[in-house]
Structures are given as C-alpha cells and as structure tokens.
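Everything below concerns the one structure shown next.
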Amino acid sequence: MRKLVSAALVLAVLAPAPVAIAHDGPDIARARRVAFPKLLDGRSVLAVDLHTHSVFSDGSVWPDVRVEEAKRDGLFAMAVSEHLEYQPKAADIPHKDRNRSFQIANQAATVKPDATGVNKQPLVVINGSEITKLAIQPGHMNAVFLTDANAMMPKAGLNAVDAACEQLKAANAQGGFTFWNHPYWTSQTPNGIATLDPVHADFIKQGLLHGIEVANGADMSDEAFKIALDNNLTILGTSDIHGLIDWDYDLANGGHRTATLVLTATETADGLKAALKAGATVAIYNDNLVGRRENVEAVVRSTLKIEVDKPLPNTTVVPVSVINDSPVDYILENAGPEGAYDEAHVFTVRAGSTFTLLVKNVPDASKLALTFKALNTYIAPREHLSVQLRDLTP
C-alpha cells in the first residue's frame, strides 16, 4: 500500500546475499519479536504477515531480506505477495515466473546447519499473489497458500470484475486463502471509508473471498472492521511492506510491525490455514489488538493476570500485582467498583512486566476480583474489551 522508493537501497539489495540489515542490539532484538504465550486452552498464538513485497513487483528489497526481517520479528510465517498485473521493475528484473519471489524467499528461509542467531529460527514462507486492478473496483486482493501463482494471471479480454472473479476462483481451486486488501486506501477510495460494494459482496456470497484487512501498515479502518464482523470475514493486519520494516516501525522503542495473530491448535502450515479460514485471528496494529470478542479475550486472558497479596499492616488496602506476559503494553482502565489507593483509573502495564496496584477497602482479599477495560483492544469499532480477573495462583 505504501511504497518507499530509494534507488540506492534497490542497488544495495538486488544481489541475494549478503542480507544488508544492521544487527539489532539485544534489547531491540528482544522487544521487536511478536511472541505471545499459548492460550489457556492450549492453542498457539502464531504471528504472521500475509502481505509483503520485494523487487519482483514494487518493493525495494530482495526476497531474502523479507525472510530475515520476519525471523527477527519472531513471525511463524510470512507471504511474499507480489502484484500480478503491476510489475514496474520489469525492465530491470525481467521474469515471467510469478512464483520466483516465493522460491527465493523459501530457499532463504531454509535453516542451514551452521546457522546462528535468528537464522536458526524456522519460518514458513507462503506463496502468494496480489490481484491488482487499477480501477476502483474490484481493487486489490491477496491470495495466499497458492501452489502456482502463474495460474493466477488474468485471462485476456475480460473486464476487471470478471477477471478478478476468475482469479479468485483459480486461487480457491488451489486451496488458497483470499482477502480484500486495504479497502479504504485513499488512492482508490478518496474519502478513506471502506464500503461493501456489490462486487465484493458477491465475491463473499460465492465463498471466493475469505478475509479483509482491517489494518494495513500505518492505517486502520473502523469501517473495514465492521464489514468483517457483519460478513463473517477473517480479520487481518498486514504490513504491506515495500521498503524496510526498520524504516516503518519504531522498533527501538518497542514497536512491532502490523501483523496477524492466528490462534491455532497445530503449529503447521495446514493448521495455520485452517485457523485463518475459521476466522480465529487478532490483528495487531500499533500494539492494539483488534478482533472478535472471543479471540481478543482469549489472547488477553492468556497474557494478563493478577496476584493478590496480603493487606498492608493494620489496613484493608491490598497490593495487587498486575502481570503482563505479552510483547505489547496493556493500557488498562480500572472499570470495577474497587478504587485504587495510589493510582488514577487508567494505567499502563508494560510488556513483559508487573505493575503493582494498591486496592483500597478490601474486606476479604481472597474474594477480590478486578474488572479492567483494555483500552488498546478493540472487539468492535471503538469498543474495548472488558475482563474480570481473579487470582488463580494455587
């Protein structure tokens, strides 16, 4: 969606090796990883980015750079989703095989026997393509988990809508997962508001379109979020990265790329695809968690807990440890009747840390339950998740 154009960078990274990314210090390396613990029901939370670009369409880097970035960010999987119909670098990088970017990335992801650091980390690379129509409709759509991207090339003589329909059918015939890209993008939607047009409504009705980006790079759309909820579409966040992840995100200060958390029973490509098709996802955008209530709540309850201590001497003021086991900060509002002795109603529990709250007037600490509204979660447009927590320590 956003293109960062730099001739110098292109020249620097056209060759497939070595990867030209500076090494992170240990603090940044740790903080940038999108790593969540398992859910309370045993499912895994896998971070994926299903929308990225390289020089094989309109990106600025070789595909192996995408791989190393994904490994540094702790992703389970990534898709290289080059534009099918838009090839602005064809004069410099001529190729007819739309699988080539995937092949290079997939080879780069192979864990070598002598690998060190993040290169020892496995990464699932997914073959993907971006259906690219320059007319307002049907716009851009991604197809991932393809077996052959060449079969996605549009047929001659069809108008944009019919061509896109045939392309979606081809993706579905390959067992692919498809989604609507940035439906609020101002280049095709000048008012910035996503609306469900008859074309996409028909694609959804036919079962050809499975998901929608509610967050893309630096942008998020309430209207796209509502379209997802109203039409049972899988909720996605993607980076749509064209330049470098390190350029677009404040990694030095704990920022993370826009991505999707997939809640899956098995840590395999098949398990990932099944969970995507089932809608078991949460978009992570600017360290906000965006998704259906049940999915957001599952992630929050697996990463946020409280431990209740004994009252302070000669008082009914009780210290409560609020523990955040996630890689994102939680901005919490104390939404229950209990008042805090030493804090305002809104406070932040930093990623991977513990915040101590003094709760006043607690007659029986063993029965204490606190209700928090997580202000950096969204379960519907402008609606935050509320959770009641108890101390479950044995």
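Bear in mind these aren't lab numbers, they're just calculated from the coordinates by the rules spelled out. Computed from a predicted structure; not experimentally measured. Positions of Cβ are backbone-derived with ideal geometry, glycine not excepted, and every protein chain shown enters the neighbour counts.
Computed quantities for the displayed model
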| quantity | calculated |
| --- | --- |
| Among the listed pairs Lys112/Lys155; Lys226/Lys305; Lys38/Lys226; Lys310/Lys373, those beyond 32 Å (Cα-Cα) | Lys112/Lys155 |
| Ranked packing of 131-138, 374-381, 258-265, most packed first, by mean Cβ within 10 Å | 258-265, 374-381, 131-138 |
| Signed unit charges on C-beta, dipole axis of the chain, positive-most listed residue Leu304, Ala280, Ile227 | Ala280 |
| Long-range amide H partners of Val359 with built H, under 5 Å | Val318, Val320, Tyr341 |
| Trypsin sites (Lys or Arg not before Pro) lying in DSSP loop within region 328-394, provided at most 11 other Cβ fall within 10 Å | Arg382 |
| Inter-probe distance in nm under a simple model that places probes 7 Å from Cα toward Cβ, at Arg30 and Ala90 | 4.9 nm |
| Rg and Dmax [Cα atoms of the chain; Å; Rg one decimal, Dmax integer] | 22.5, 84 |
| Trypsin sites (Lys or Arg not before Pro) lying in DSSP loop within region 61-106, provided at most 12 other Cβ fall within 10 Å | Lys96 |
| Mean Cβ neighbour count within 10 Å, used as a protection proxy, ranking 188-194, 78-84, 279-285 highest first | 78-84, 279-285, 188-194 |
| Estimated distance in nm for a label pair at Leu134 and Leu312, the labels positioned 7 Å out from Cα along Cα-to-Cβ | 6.8 nm |
| Percent RCO, i.e. relative contact order, over the chain, from Cα pairs under 8 Å lying at least 6 residues apart | 14 percent |
| Net length gained if the chain between Arg350 and Lys155 were fully extended (0.36 nm per residue, minus Cα distance) | 65.0 nm |
| In Hz, Karplus ³J(HN,Hα) per residue of region 326-340 (6.51, -1.76, 1.60; θ = phi - 60°; x = Gly, Pro) | 9, x, 10, 5, 9, 9, 10, 10, 6, 9, x, x, 6, x, 9 |
| Estimated inter-spin distance, Ala340 and Lys277, nm [label 7 Å along Cα→Cβ] | 4.5 nm |
| ³J(HN,Hα), Karplus 6.51/-1.76/1.60, whole Hz, each residue of region 170-182, x for Gly, Pro | 5, 5, 5, 5, 8, x, x, 10, 10, 8, 7, 8, 4 |
| Derived scalar couplings ³J(HN,Hα) [region 107-119; Karplus, 6.51 cos²θ - 1.76 cosθ + 1.60; whole Hz; x for Gly, Pro] | 5, 5, 7, 4, 7, 7, x, 9, 5, 10, x, 5, 5 |
| Ellipticity estimate at 222 nm from DSSP helix runs (n ≥ 4, -39,500 (n - 2.57)) divided over the chain, nearest 500 | -6000 deg cm²/dmol |
| Cα lying deepest toward the dipole's positive end in the chain, options Phe76, Ala135, Val362, charges on Cβ | Phe76 |
